[in-house]
Amino acid sequence: MKTQIHSYTELQSYLRNQIDEEYIHIKDCEIIFDVNVEKIIQLLAQITNNTVNRAIDIRNCKFRKIEVCNITFGKEITIISSQFQDIYINDTTFCQDFSVVDCIIERTILKNSHFNNNVSFGFDPKSIIQTIDIEDVVFDKDLEFNNLLMSKKLDKVGHRESSSFEIYGRDTIIKHDLKIQNCIFLDSVIDVRCIINNEFRLYSINDIDNIFTGYMGTLRLHDSRISILNVMCCKLAVIDIANSIFDNVVESDFQCKRMTEKTAIKFRKFAIKNSDPILEEKYTAQLYDELLRQKTVVSFKSWITSIGKNKNKVFVGKKKNHNFFEPIILFFLSVFSRESLLLWLNKYSNDFNRSWTRGVKFTLLTTLIFYFIINYLGTDTQYFIIDFKFNNFGKVLEGYLSLLDIFNLSNVEQPMKLTICGKFLLFIAKIVIAYGSWQTIYAFYKYKR
């Protein structure tokens with residue numbers, strides 16, 4: 001059972017029994033008031049020229065808010081299996097390691113501080129973390145985050161509080177590595193705007209196929225200078241990179257639903273630099289995919305503006321329930337632009353050479369559509385009638401196969417009696433079906449290399 005501490009006086013009494021020559025120990029207690037560390041240090045007379053020269057070890061404790069300002073810690077700080085509502089650190093220097101292990105910290109705010117040695121935050125993976133906010137902080141060595149679970153959370157009145165992970169500021173610099181590992185970002189943004197002298201490593205982000213489906217979270221890198229971006233075993237919804245410089249990009253087992261245009265160009269550039277044709281084609285496809293979206297959104301906004309509606313009320317492809325109708329919406333918005341229509345065909349026929357299964361689906365579906373059109377518009381007498389009783393189903397299936405088999409490999413003759421219009425429709429159908437067949441075959445090409 002944790003000892004409850006209600007005031008600085010009680011805390012001073014508790015700590016005097018926990019101090020040895022080298023450490024300040026805080027164990028198995030619950031502090032139920034907001035704590036200012038400077039006041040604690042003054043009470044204990046353990047400070048010289050604003051410098052604490054004893055290591056601090058906190059274990060199995062519960063805090064509300066803890067505030068650290070204008071102090072220099074000369075020895076290491078270790079926090080294990082503890083819980084905080086807020087940690088606020090400002091204008092503070094840490095000369096040795098700062099280590100957090102298996103903790104719950106709802107909000108972590110670091111401002112105008114300097115860490116001379118390694119910094120690591122390890123969280124309880126079952127608890128939702130609301131805020132990581134780092135501004136104008138210098139890290140001389142590694143900065144590491146493990147087991148983050150960031151998501152929107154219901155507050156006391158039932159409103160959903162947003163979550164944020166931000167590292168930014170004109171003076172923020174990480175002189176070695178930034179590591180974000182074994183983390184989950186649900187409806188959250190990893191927002192990094194700083195200098196990283198060595199490697200920004202994202203490892204096992206949203207790598208949870210057995211629990212969740214779909215793509216989650218956004219990686220936003222703006223106004224950054226990063227030596228190496230290393231993305232491994234990650235699954236993200238969006239990557240947005242702008243006004244940033246990289247020396248290299250390395251990726252392995254990385255999935256992304258959408259890349260902004262500049263992001264796809266940057267990833268493609270490094271795929272070419274690293275002589276990886278598979279990744280080059282992957283990011284070329286991402287580039288075309290984003291180009292299609294941009295052209296469609298521009299057209300859509302133009303249409304909405306022209307009929308006097310509020311163009312901000314509609315956005316294509318943003319919500320999950322739009323995914324089913326997205327191909328149809330994009331088709332009608334692209335059909336009057338040759339370039340947009342070509343992008344649409346490439347996306348939905350084989351996903352820009354990435355998916356032979358999509359090629360099969362495209363070919364089967366377009367054949368089915370033309371089968372119905374020819375049956376109802378291109379024959380004197382309809383070849384089949386839909387009655388949901390499946391009468392003569394084998395005969396109907398044979399007619400479908402005859403249309404699908406444009407090279408007549410199955411020796412099934414065309415059974416429908418076509419009008420002139422029907423023959424013209426059949427000619428168009430064969431072109432579209434041949435296109436789908438070719439796109440299916442071509443999607444295998446990347447595996448050949």
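The values are calculated or read from the model by the stated rules, or taken from the named source; none is laboratory data. Not measured: the values here are computed from a predicted model. Methodologically, a virtual Cβ is constructed for each residue, glycine included, from the backbone with ideal geometry; neighbour enumeration extends over all protein chains shown. Heavy atoms of the whole protein, side chains included, go into the accessibility calculation; ligands, DNA and RNA do not. Shrake-Rupley method; radii C 1.70, N 1.55, O 1.52, S 1.80 Å.
Accessible area per residue was computed with a 1.4 Å probe on protein heavy atoms; residue 369 scores about 80 Å².
Accessible area per residue for region 330-446 in Å², computed with a 1.4 Å probe and the full protein assembly in place, what is it?
Working: 7260 Å² over 117 residues.
That works out to 62 Å² for each residue.
A simple spin-label model places the labels of residue 173 and residue 262 2.3 nm from each other, with each point 7 Å out along Cα-to-Cβ.
With all protein chains present, how much of the accessible area of region 224-271 (probe radius 1.4 Å) comes from carbon and sulfur, to the nearest whole percent? Don't jump to the answer; show the numbers that get you there.
Working: 930 of 1890 Å².
Roughly 49 percent of what the probe reaches on region 224-271 is carbon or sulfur.
Diagonalising the gyration tensor over the Cα atoms of region 215-301 and scaling each eigenvalue by 5 before taking the square root yields semi-axes of 21, 15, 13 Å, largest first. Taking region 390-425 and a reference point 7 angstrom along Cα→Cβ of residue 431, the backbone N atoms nearer than 11 Å belong to 425. Classify region 62-199 from the C-alpha gyration tensor, please: rounded if a/c falls under 1.5, else prolate or oblate depending on whether a/b exceeds b/c. The shape class here is prolate. Couplings 3J(HN,Hα) for region 229-237, derived from phi with the Karplus relation 6.51 cos²θ - 1.76 cosθ + 1.60 (θ = phi - 60°), are 9, 10, 10, 10, 6, 10, 9, 10, 7 Hz, where x marks Gly and Pro.
Scanning residues 5 or more positions from residue 242 or on other chains, those with amide H under 5 Å from its amide H are 221, 222, 223, with H placed 1.01 Å from N in the peptide plane.
Counting heavy atoms of the protein chains alone, residue 39 has an accessible area of about 110 Å² for a 1.4 Å probe.
With the other protein chains left in place, how much accessible area per residue, in square angstrom, belongs to region 218-281 at a 1.4 angstrom probe? Can you show the working numbers first?
On the way: 2820 Å² over 64 residues.
On a per-residue basis, region 218-281 sits at 44 Å².
Computed in the context of the full set of protein chains, the accessible area of region 101-149 at 1.4 Å probe radius has 45% of its extent on carbon or sulfur.
Between residue 385 and residue 17, what length comes free when the chain is fully extended (0.36 nm per residue of separation minus the Cα-Cα distance, one decimal in nm)?
Contour length minus Cα-Cα distance gives 123.5 nm.
Could you give the dipole magnitude of region 209-280 about its Cα centre, charging the beta-carbon of Lys and Arg +1 and that of Asp and Glu -1, in debye to the nearest 20? Dipole magnitude for region 209-280 comes out near 200 debye. The value of relative contact order for region 78-186, using C-alpha pairs under 8 Å at least six residues apart, is 23 percent. Measuring against 20 Å, Cα to Cα, the residue pairs 62/141; 266/361; 141/179; 111/262 contain 62/141; 266/361; 111/262 as the ones spanning a longer distance.
Ranked by solvent-accessible area (1.4 Å probe, protein heavy atoms only, all chains present), the residues 293, 201 order from largest to smallest as 201, 293. Karplus-derived 3J(HN,Hα) values for region 371-378, using 6.51 cos²θ - 1.76 cosθ + 1.60 with θ = phi - 60°, are 4, 5, 4, 5, 4, 8, 10, x Hz; glycine and proline are entered as x. Only protein heavy atoms count here; on that basis, with a 1.4 Å probe, residue 278 has an accessible area of about 70 Å². Per-residue Karplus couplings for region 69-84, computed as 6.51 cos²θ - 1.76 cosθ + 1.60 with θ equal to phi - 60°, are listed in order as 9, 6, 9, 10, 9, x, 10, 6, 10, 10, 10, 10, 6, 10, 10, 9 Hz, Gly and Pro entered as x.
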